[in-house]
Amino acid sequence: MEKNLTRVIIDQTDRALWEVKNVIDCVPDELWSREYCEMPLYKHIYHMMHSLDLWYINPNDPSYQEPDIHIDSLNNLDVKTERFISRTEINDYYRAVKFKIAAYTNFLNDGMLNERPVDCSHSKFELIIAQFRHLHTHMGMVMGFIIEATGQWPTVLGLEKPIPEGDNYNKFC
């Protein structure tokens, strides 16, 4: 049976977001504030999450609200900021982004994928695919930092491995 495109997008988004949470959980405490490319690791994670939050649906949405933890340039990896982000704050933001994206993808159908969101020059499909590219660039970097420091590889799902339920799984391969 052939899946429609939005079912594939939902499945792959669920898998990607599970992997994001797993990677966040795999960051050892001693790396949380360690700087990579002159930015603390938590800021790399925030940048990745903020991009999903803003760009997955519509980067020009006039009703977009920055998260409560946001300050100017916190999402910019080229600008130093003084704002520390705790694991609790990142996890809360992760849950909010996951909920927002799930609500959006569950609303989509294949016929909507070529549509452009309001005031946006990119199609819904293009925005989603672009975020997968961006997300996995940053996921790869964060995973590399973890692997280098711990010698362990965070678990990934691939195309067919079931998404673990609850906390009873090995966070590392």
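In order along the range 74-90, the phi-based Karplus estimate (6.51 cos²θ - 1.76 cosθ + 1.60, θ = phi - 60°) of 3J(HN,Hα) comes to 4, 7, 9, 6, 9, 10, 6, 10, 8, 6, 7, 10, 7, 4, 4, 5, 5 Hz; Gly and Pro are listed as x. On full extension, the segment bounded by Y64 and N106 gains 13.2 nm, given 0.36 nm per residue less the C-alpha separation.
Computed over the range 9-78, the alpha-carbon pair-distance distribution with 10 angstrom bins reads 17, 44, 33, 6, each value a whole percent. Estimated from helical segments only, the mean residue ellipticity of the chain at 222 nm is -17000 deg cm²/dmol, where each DSSP H run of four or more residues counts as -39500 (n - 2.57). Stretching the chain fully between R95 and L157 yields a gain of 20.4 nm (0.36 nm per residue, less the alpha carbon separation). Of the residues V8, V97, V156, the one with the fewest other Cβ atoms within 10 Å heads the list, and the complete ranking is V8, V156, V97.
Of the trypsin sites (Lys or Arg not before Pro) found in the range 1-72, the ones in coil according to DSSP and having at most 14 other Cβ atoms within 10 Å of their Cβ are K3, R34. Exposure proxy shown here: for S121, S33, S63, the number of other Cβ atoms within 10 Å sets the order, fewest to most, as S63, S121, S33. Just so you know, the averaged projected area of the alpha carbon convex hull for the range 1-122 sits at 8.9 nm². The overall shape of the range 55-161, judged from the alpha-carbon gyration tensor, is oblate: a/c is not under 1.5, and a/b is no greater than b/c. Taking other C-beta atoms within 10 Å as the exposure proxy, M139, M112 rank M112, M139 from fewest upward. Net length available on complete extension from T150 to L77 is 23.9 nm, with 0.36 nm assigned per residue and the Cα-Cα distance removed.
Computed from backbone phi with θ = phi - 60° and the Karplus coefficients 6.51, -1.76 and 1.60, the 3J(HN,Hα) list for the range 155-161 is 4, 10, 9, x, 7, 10, 4 Hz; x is used for glycine and proline. Spacing of the modelled spin labels on D167 and K3, each 7 Å from Cα toward Cβ, amounts to 2.9 nm.
Taken about its Cα centre, the chain carries a charge dipole of about 300 debye when Lys and Arg each add +1 at the Cβ and Asp and Glu each add -1 at the Cβ. L54 sits among other residues whose Cβ lies under 10 Å from its own Cβ, and their net charge, with Lys and Arg +1 and Asp and Glu -1, is -3.
Here, each number is a calculation from the coordinates, and none is a lab measurement. Quick caveat, the model's predicted, so the values are computed rather than measured. Please note: Cβ atoms are built from the backbone with ideal geometry, for glycine as well, and neighbour counts cover all protein chains shown.
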